[in-house]
Every structure is written in C-alpha cells, then in structure tokens.
Amino acid sequence: MSIETLLPADTYTVICRSIISEEDKKNLISLYEPIIGPIALSLYFTLLHDLKLLDIISTEYTHHHLMTIMKISLENIKIARESLEGVGLLKTYLKEDENNTFVYEIFSPLSAKEFFNSPIFNITLYNNIGKKEYDLLKHEYEIPKIDLKTYKDITKPLNLIYKSSNIIENLEVLERKEGNINIENVIDFDLLLSSLPKGILNEKTFTKKTKELINELAFIYNLDTLKMVEILRNTINEKGLIDRDNLRTITRKYYQYNNNGKLPTLVYRVQPDYLKSVEGNKSTKGKIIYMFENTTPYDYLKLKNKGVEPSTRDLKIIEGLMVDLELPPSVINVLIDYVLRKNNNKLNKEYMETIGIQWRRSNIKTAEEAMEIAKKENNKITKKITKNTNIKPTNSNPAWFNVDTKKEEMSEEEVKELEELLKDYR
C-alpha cells in the first residue's frame, strides 16, 4: 500500500524522548504557528496529549481517532504532519501491511534564541508576519543583560562540593531532543546530476558543504532543481568544481533578475542576540555599540538620510553585502557609517565590497570588532599617505573614532555628530 494512501483504520503510536516544557509550548504558538499554521500545531499538541502526561510511548490509536478529535479530513492530517516534519518537530516511520502502522516521534522546538538566530526560520517568520508583528514578537523575547565586568566569578566547582561516588553509566533517561531541520528535499540531487552535461564535473564537486549551500540557497531564493541546474551551469569552473562564493553571487543575481531587482528581506534584521555585547556599558562607546546592534540596516540608512526612505540603489548594495558576504547587521551599520563619512555621504558599491571582503576574511562579527578594524586600517592608510606626501589628510573620520577621547578634547563637529547619532538611544 502506498504511503500516500492513508486510511482511518491505519494505526499509529506516538514516541517522545524529549522534554516539552511550558516555554516550548509558548514558542510553538508564537514562533512556529505563523510558519506551519494552526492545523499542524493542533496535530502536534494532539499527538503530545496522546502520550498521557509523562508517558514516553503512547498506546496504539487509529487515524480515525485523530479525525474525530481534530474534526478534519485524513488529507489535512497528512498535510499537517508533513508541515511538522519539515520544521523538525516530528519524524514519521511507516510499517506497511494490510493496515499501515505509523510511529510518530515528537521533538522539542528550538529555543527562542536558536530560532531567531536561524537564517531560515528567522527570514521565513519575518516574511510570514511582516515587520511590525515581527518587531513586537522579538521584543517579547528580549531580556535585559547585566554587565559582569566588575564582578568576580566565585562559583564553586563540583569536585569541591560533592565527594566522588560510583556513577551508573549508559543510563538512558528522558532528555531534551530537538529535531534536525531537514531541507534535503529542496533539491533532487539525482535529477540535478543527470541534468548537468556529462564530463564537466569533478568527483569532489558536490561535497557535503556544497550540497548544504545549494539547498540553503534553493530554500531562501525559492528555486527548484531545474532552476538550480541552470545556475550551476554558469558556476562550475574548468576543473569541474564549484566556487561557493561565486555560487552565492550568481544565485543572487538570478533571483534579482527574475524578481525585478528585489532580494530577500535581510535589511530588516537586527544583530543576533548571541553576537550582541553585554548591556550596561553607559560610556559613549557602549551607547554607540548598543545603537549599532539594535538598529536594522534599513532603519540606520533612514536615520542617516534624516528620516527619508533609503533609495532602492542603496538597499540593493546593502542587501547584496548581507547575502553574499554574510556580514551581520551591526557590522553592516558600522560599514555604512564609515563609508558615508569617508566618501562624501555616498554609498559606493565597489568601495563597500572591498572593505566588506576584508572584514569577512578577518571574521568580523560584532559592531565593536568592526569599529576597531575600521579605525586600525584607516590609521594605516593615513600614516602611509603622510609618509609619502608629507601631507596630513583632512579629518573625514566617523566621530566614534574618538569616543575614548575626553569630550573637551573633541571638535565641536565631532561632539555634534555623536549627539545626533545617539539622540534616539539615550
């Protein structure tokens, strides 16, 4: 009997080797439901209820039981089940017989931090609910941070508190397990390989990392296998290998060409929490870093434009840098500020790409790192120009270059610029 044929008499058993907390249930409703829909979420909770409180494995039920409880058809149950599978909340196993027998294995959802730091879930959620709802939702999960720099860690290690004793090994107990996000079915690699001209591929062409990248790009840019084949034809080099950076660029351009120059909406994201600095630093530098971390590149461009909407051209430049170079939002904000100051308030694509590539190679991930490398490289250039020409370049540096300088030693223009920069973040 085909897996596509689901009958009311087909039985199922639910297995749960994971702890599902109340916080998980909140995350399922707030974060997952906008993506998978209410029916899929209802199926998840119904299967969870079938476990009867703390049981790890349920008794056997028929799918007619699900139809009765949920008041929906078998087809909708199947669609809901596949939605749960797609986001890693459920694994399904089938034993084919006169009446099919299914095993549904339930997994915990991602934590809020893991969810918002996942490029796939984060972008999908944003696209599904829009900027306003996304910002409200993310605000619910933000927690204040405490600056521990002035504190001393006096935590005692386990061996100083408890005496050693015999430990029972290999005891299988209930633990938290999150399902893997499986997006392998985005691309059919058998079809992809058979669609590419024979003889142009190297045996090392499709490494694990390359396959993962192809799947991620296909998901984010909504590309099927044959469209990806078209892109790969222009990506495979004379050695039969794929340059992953080149693949990113060509895929982005392909998407832009077919979507009137638009790109996925990355410019509306703020710095991920795990890349933010600890809150509580009330120095001028700390406030500037906080501002860079908690402003989207879109809003920062608008701020620099005195409230005027950013131009399509500028947004394309920024979006391209975020997609191709994977620079985090706060790093992009520092780059915007630096380039506008150094380039007469104009964003130059080639100039920004040159700096962005260097920052990516230097693994710059935070606003503070970006500020430091910008200042360091600028000082190198200034010294070189002064040494070769005996002419000191005019001061066209961002005001935050001098945030460690006493206020009375800063120029009036620098003080004014800093005050303007921080007026919304006091």
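The values are calculated or read from the model by the stated rules, or taken from the named source; none is laboratory data. Fair warning: this is a prediction, and the values are worked out from it, not measured in the lab. Don't worry about glycine lacking a Cβ; one is built from the backbone with ideal geometry, like all the others, and counts go over all protein chains shown. Only protein heavy atoms, including side chains, enter the accessible area calculation; ligands, DNA and RNA are left aside. Shrake-Rupley method; radii C 1.70, N 1.55, O 1.52, S 1.80 Å.
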Within the range 1-146, how many Lys pairs that are eight or more residues apart, or on different chains, come under 17 Å at the alpha-carbon? 9
Separation of the range 212-242 and the range 92-113 by C-alpha centroid, Å? 31
Fully extended contour minus Cα-Cα distance, from Lys204 to Lys91, at 0.36 nm per residue: 37.6 nm
Alpha carbons only, please: Rg and Dmax for the range 197-296, in angstrom. 19.1, 62
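Once you order the gyration tensor axes a ≥ b ≥ c over the Cα atoms, which shape class does the range 1-50 get: rounded for a/c under 1.5, otherwise prolate or oblate by comparing a/b with b/c? Present the calculation step by step, with values, prior to reporting the outcome.
Values: a/c = 2.99, a/b = 1.65, b/c = 1.81.
Oblate shape, in that a/c is at least 1.5 and b/c is the bigger or equal ratio.
Skip the ligands, DNA and RNA, and give the accessible area per residue of the range 238-357 with a 1.4 Å probe, whole Å². All intermediate terms of the calculation are to be shown ahead of the outcome.
On the way: 5600 Å² over 120 residues.
Accessible area per residue: 47 Å².
Tell me, in nm to one decimal, what length is gained between Asp224 and Lys211 on full extension, where the rule is 0.36 nm per residue of separation less the Cα-Cα distance? Provide the component values of the computation, followed by the final result.
On the way: separation 13, 0.36 × 13 = 4.68 nm, distance 1.40 nm.
Going from the current span to full extension adds 3.3 nm.
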Once you put a point 7 Å from the Cα of Ser195 and another 7 Å from the Cα of Lys376, both along the Cβ direction, what distance in nm separates them? 4.5
Within the range 347-375, name every residue whose backbone N is under 14 Å away from a label modeled 7 Å from Cα of Lys383 along the Cβ vector. 375
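Please give me, ordered by residue number, the trypsin sites (Lys or Arg not before Pro) of the range 70-133 that lie in loop per DSSP and have at most 15 other Cβ atoms within 10 Å. Intermediate values should be presented prior to the final figure.
Values: sites: Lys71, Lys78, Arg81, Lys91, Lys95, Lys113, Lys131, Lys132; in loops: Lys71.
Listed in order of number, the matching sites are Lys71.
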Please work out how much accessible surface His49 shows to a 1.4 Å probe, ignoring ligands, DNA and RNA, in Å² rounded to 10. 120
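What relative contact order, as a whole-number percentage, does the range 206-277 give when Cα pairs under 8 Å and 6 or more residues apart are counted? Don't skip to the answer; put the middle values down first.
Values: 35 pairs, mean separation 17.8, N = 72.
The normalised contact order for the range 206-277 reaches 25 percent.
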What do you reckon, how do Ser195, Ser108 stack up by accessible area (1.4 Å probe), largest on top? Ser195, Ser108
Work out the FRET efficiency for Ile154 and Ile120 from their Cβ-Cβ distance, taking R0 = 35 Å, and round it to the nearest 0.05. 0.30
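Counting only heavy atoms of the protein chains, get the accessible area per residue of the range 14-158 (1.4 Å probe) and round it to a whole Å² value.
Heavy-atom accessible area per residue stands at 57 Å².
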Cα gyration tensor of the range 21-88, axes a ≥ b ≥ c as square roots of the eigenvalues: rounded (a/c below 1.5), prolate (a/b > b/c) or oblate? oblate
Could you derive backbone 3J(HN,Hα) for the range 148-154 from the dihedral phi with the Karplus parameters 6.51, -1.76 and 1.60 (θ = phi - 60°), listing whole Hz in sequence and x where the residue is Gly or Pro? 9, 4, 8, 9, 10, 7, 10
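Once you order the gyration tensor axes a ≥ b ≥ c over the Cα atoms, which shape class does the range 1-132 get: rounded for a/c under 1.5, otherwise prolate or oblate by comparing a/b with b/c?
Details: a/c = 2.14, a/b = 1.64, b/c = 1.30.
Prolate, since a/c reaches 1.5 and a/b exceeds b/c.
Using 0.36 nm times the number of residues separating Asn234 and Ser362, minus their current alpha carbon distance, what extension gain do you get?
On the way: separation 128, 0.36 × 128 = 46.08 nm, distance 2.87 nm.
Result for the pair: 43.2 nm of gain on full extension.
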Past 27 Å, Cα to Cα: identify those pairs from Lys253/Lys306; Lys349/Lys383; Lys239/Lys376; Lys211/Lys253, in the order given. Lys253/Lys306; Lys239/Lys376
Treating each Cα of the range 189-229 as an identical point scatterer and ignoring solvent, apply the Debye formula and state log10 I(q)/I(0) at q = 0.15, 0.23, 0.27 Å⁻¹. -0.36, -0.82, -1.05
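Hand me the trypsin sites (Lys or Arg not before Pro) from the range 187-242 located in a DSSP loop with no more than 13 other Cβ atoms within 10 Å, in residue order please. Mind showing how you got there, number by number?
Details: sites: Lys198, Lys204, Lys208, Lys209, Lys211, Lys227, Arg233, Lys239; in loops: Lys198, Lys204, Lys239.
Those that pass, being in a loop and sparsely packed, are Lys198, Lys204, Lys239.
Please give the FRET efficiency for Thr312 paired with Thr68, using the beta carbon to beta carbon distance and R0 = 51 Å, rounded to the nearest 0.05. Don't skip to the answer; put the middle values down first.
Details: r = 53 Å, r/R0 = 1.05.
The formula returns an efficiency of 0.45 here.
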Once R0 is set to 51 Å, what does the formula 1/(1 + (r/R0)^6) return for the Cβ-Cβ distance between Lys282 and Glu98, expressed as a FRET efficiency to the nearest 0.05? 0.10
